[in-house]
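J.: Submitted below is the structure of interest, expressed as structure tokens.
The values are calculated or read from the model by the stated rules, or taken from the named source; none is laboratory data. Note that the structure is a prediction, hence the values are computed from the model and not measured. Neighbour counts are summed over all protein chains in view; Cβ atoms, including those assigned to glycine, are modelled from backbone coordinates with ideal geometry.
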Amino acid sequence: MTARPLAPVIPSSAVPAARQRARSGAGRRLPLACPVPVPSLPEDVIYRTGRIDTSGRVADQGVLAALGWAGGDRLTMTAEAGVVTARRDPGGMVAVPGRACLVIPAALRRRCGLEPGDQVLLAGSPADDTLTAYSLAVVHEAILARGAFPHAQGGQP
């Protein structure tokens, strides 16, 4: 007995009408997430980060250049917990060194709890002619106070 060969099974290239409608976008669109608006950075403040060395220097020439501070300028500095503010003052007690950097005197570093190796956020305001150094611990506390980590205590994301 001789068997007849089977015809090959080749799928049709025609797309069923239901699948064609789905591909054309005529179906229901999925909702898109709306991003939360992020406030823009103020144009009149320059931000940088720096590290305090063993002599109390924080080297970031970008902020000092934006403020127009150069070697020989005199500064008055104030300090509180984790924050040091410097402003240009001809009668100031601290001088900007020849290699432009912010030098935080040891007494102020002790007063506000800054140690060599600590990183600080520098915020320079040319309009106010001030430069403020915030310890990252202070920045972290500000972030926590805003509630930026709602799931940090073991909650679900």
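J.: Given (1) out of contact with any Phe, Trp or Tyr (no Cβ under 8 Å at 6 or more places or on another chain); (2) within 20 Å of Arg109 (Cα to Cα); (3) among the aliphatic types (A, V, I, L, M), identify the lone condition not met by Leu30.
T.: Evaluating Leu30 over (1) out of contact with any Phe, Trp or Tyr (no Cβ under 8 Å at 6 or more places or on another chain); (2) within 20 Å of Arg109 (Cα to Cα); (3) among the aliphatic types (A, V, I, L, M) leaves (2) as the failure.
J.: While we're looking at this one, here's another question. Just to verify a result, which residue in region 52-111, among those that are among the basic types (Lys, Arg) and part of a strand (DSSP E or B), is surrounded by the fewest Cβ atoms within 10 Å (Cβ to Cβ)?
T.: Narrowing region 52-111 to residues among the basic types (Lys, Arg): 57, 74, 87-88, 99, 109-111.
Narrowing further to those that are part of a strand (DSSP E or B): 57, 74, 87-88.
Details: Arg57: 16, Arg74: 14, Arg87: 16, Arg88: 17.
The residue in question is Arg74.
J.: Then there is this: Could you please tell me which pairs satisfy a Cβ distance under 9 Å, a separation of 6+ or placement on different chains, a first residue in region 127-147 that is assigned to a loop (DSSP other than H, G, I, E, B) and surrounded by 13 or more Cβ atoms within 10 Å (Cβ to Cβ), and a second residue that is aliphatic (A, V, I, L, M) and at pLDDT 90 or above?
T.: So the pair list comes out as Asp129/Leu67.
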